[in-house]
Protein chains: 2
Amino acid sequence: MKRGVLIVLSGPSGVGKGTVRKALFEEPDIDFQYSISMTTRQPRDGEVNGEDYFFVTREAFEQKIADGEMLEYAEYVGNYYGTPKSFIDDTLASGRDVLLEIEVQGALQVKEKMPEGAYIFLTPPDLRALKERLIMRGTEQLDVIDRRVHAATKEIQMMANYDYAVVNDEVSLAVQRIKDIIKVERLRVNRVLPEYIAMIEELEES
Amino acid sequence: MKRGVLIVLSGPSGVGKGTVRKALFEEPDIDFQYSISMTTRQPRDGEVNGEDYFFVTREAFEQKIADGEMLEYAEYVGNYYGTPKSFIDDTLASGRDVLLEIEVQGALQVKEKMPEGAYIFLTPPDLRALKERLIMRGTEQLDVIDRRVHAATKEIQMMANYDYAVVNDEVSLAVQRIKDIIKVERLRVNRVLPEYIAMIEELEES
């Protein structure tokens, strides 16, 4: 069984990660498993356990942390939120791809534990067009330009931890680029080599 | 100016590298520069210097070797054949992609000097279908099977030095996979990061 690919979609806040992720899942030829988060907060009306979240007790969550079973987690307004490793591991082992949409800090934590994933950094189109826009306008005050340059610099520093940079200039274009990335990730030698080696071992044993 | 991508197409002899390379260059949306080899042999009728080969003297070739200007070279029937670095470097610097079709030993030499290339290993469809075929037939003698398994094992060992494995089951499919690889290579962070950093530096200076 060929292992699925873990696709981690991340990027600065406000870049449109959620919109791109939803558009990806609407594509007819995509069959990802969405990585379901675990939380200790109460389910809201209509939320389904194992679909919207895995709802667990505080004790269960802390046990998961202690066992090294959380790829990443954070505490927010008194509740834990995190990504359980076993669900992703089992899904990948079954040959199905998993998409994890996550903010930058979480993505870096995940990468430490699952470096074999395809880490995609969604960039705002402004970053690329920033220079042109600032020069063209000619109206920005120096401190505004400085602040923008500073923000852009910080974004670039984050980007260095990823495998791919996808500009979110148009959602449909960003979706197509991500689909191309996934297609090509399946051709990477580090993904197909284990399959070939297993085949050879079987051949040699028979 | 965005730097071009060096695409190195290699694989075991007889896999169909030349056929796939020619089919790639016939694609309407492809604008590679083909890496032209240098040789000390005499031009044949109709061969054009700087098109089929760079034809040089033995002294000139050996000077290139001494200067570290050959990405790889070999001597064959008393003549040198090799890949000059400067031509590839200049073409990449001008923003144009370069395709180098080369056998496995040469590819490994090139990789040492230009690890930033996209190294594609073309695999014979047999490798993937080998097991099924051998079992299905049930007619092969043990030593034939052993020889095939040994050859397959050696091929897999070579593959580990590459970035991508492309099965040459059908030329048109192999060509499409290589086109996808090139498209996605342009999204890799290590390729776009220098561009972003240069932009930021310009912004900070202005």
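The values are calculated or read from the model by the stated rules, or taken from the named source; none is laboratory data. Bear in mind that the values here come from a model prediction, so they are computed numbers and not experimental data. Cβ: placed from backbone, ideal geometry, glycine included. Neighbour counts: every protein chain shown.
For the criterion of being closer than 19 Å to B:A74 by Cβ and assigned to a loop (DSSP other than H, G, I, E, B), B:I36 passes. Whenever a residue of region B:143-154 is more than 12 Å from A:E201 (Cα to Cα), its partners that are outside any helix (DSSP H, G or I), lying with C-beta atoms within less than 8 angstrom and at least six residues away or across chains, give the pairs B:R148/B:E140. Yes or no: B:A160 modelled with pLDDT under 90, surrounded by fewer than 17 Cβ atoms within 10 Å (Cβ to Cβ) and within 17 Å of B:P12 (Cα to Cα)? No. Considering only residues in region A:1-20 that are surrounded by fewer than 19 Cβ atoms within 10 Å (Cβ to Cβ) and part of a helix (DSSP H, G or I), the one that is farthest from the chain's Cα centre (by Cα) turns out to be A:T19. The set of residues in region B:157-178 being in contact with an Asp or Glu (Cβ under 7 Å, 6 or more places away or on another chain) and within 23 Å of A:A174 (Cβ to Cβ) is empty. Contact annotation: residue pairs with Cβ atoms under 7 Å, 6 or more positions apart or on different chains, pairing a residue in region A:175-186 that is more than 10 Å from every other protein chain (Cβ to nearest Cβ) with a partner that is surrounded by 21 or more Cβ atoms within 10 Å (Cβ to Cβ), are A:V175/A:V20; A:V175/A:L24.
Do we find a residue being basic (K, R) and surrounded by fewer than 17 Cβ atoms within 10 Å (Cβ to Cβ) anywhere in region B:170-178? Scanning region B:170-178 turns up no residue that is basic (K, R) and surrounded by fewer than 17 Cβ atoms within 10 Å (Cβ to Cβ).
Being surrounded by 19 or more Cβ atoms within 10 Å (Cβ to Cβ) and not assigned by TED's automatic domain parsing to the domain that holds B:P125 is a condition met by at least one residue of region B:60-69. Looking across region B:61-112 at every residue that is touching a helix residue (DSSP H, G or I) at 6+ places or on another chain (Cβ under 8 Å) and assigned to a helix (DSSP H, G or I), the one that is nearest to B:V20 (Cα to Cα) is identified as B:V104. Within region B:70-98, if we keep just the residues that are over 29 Å from B:K2 (Cβ atoms) and of a type in the set (A, V, I, L, M, F, W, C), the residue that is surrounded by the fewest Cβ atoms within 10 Å (Cβ to Cβ) turns out to be B:V77. Of all residues in region A:155-165, those satisfying the criterion of being within 17 Å of A:P125 (Cβ to Cβ) and either part of a helix (DSSP H, G or I) or of a type in the set (D, E, K, R) (or both) are A:E155, A:I156, A:M158, A:M159.
Please work out which one of (1) of a type in the set (S, T, N, Q); (2) at pLDDT below 95; (3) more than 29 Å from B:R191 (Cβ to Cβ); (4) crowded, with 19+ Cβ neighbours inside 10 Å is the condition B:S37 fails and give its number. B:S37 satisfies every listed condition except (3).
Scan region A:40-51 and give yes if some residue there is exposed (fewer than 12 other Cβ atoms within 10 Å of the Cβ) and either in contact (Cβ under 8 Å) with a residue 60 or more places away in the chain or part of a helix (DSSP H, G or I) (or both), otherwise no. No, there is no match, as no residue in region A:40-51 is exposed (fewer than 12 other Cβ atoms within 10 Å of the Cβ) and either in contact (Cβ under 8 Å) with a residue 60 or more places away in the chain or part of a helix (DSSP H, G or I) (or both). Identify, from the list B:D180, B:D169, the residue that is part of a helix (DSSP H, G or I), out of contact with any Ser or Thr (no Cβ under 6 Å at 6 or more places or on another chain) and modelled with pLDDT of 80 or more. Among B:D180, B:D169, only B:D180 is part of a helix (DSSP H, G or I), out of contact with any Ser or Thr (no Cβ under 6 Å at 6 or more places or on another chain) and modelled with pLDDT of 80 or more. Just one of (1) at pLDDT 90 or above; (2) surrounded by 13 or more Cβ atoms within 10 Å (Cβ to Cβ); (3) among the hydrophobic types (A, V, I, L, M, F, W, C) fails for A:F32. It is (1).
Taking the criterion of being within 7 Å of another protein chain (Cβ to nearest Cβ) and under 17 Å from A:D97 (Cα atoms), the residues of region A:187-206 that qualify are A:L187, A:R188, A:V192.
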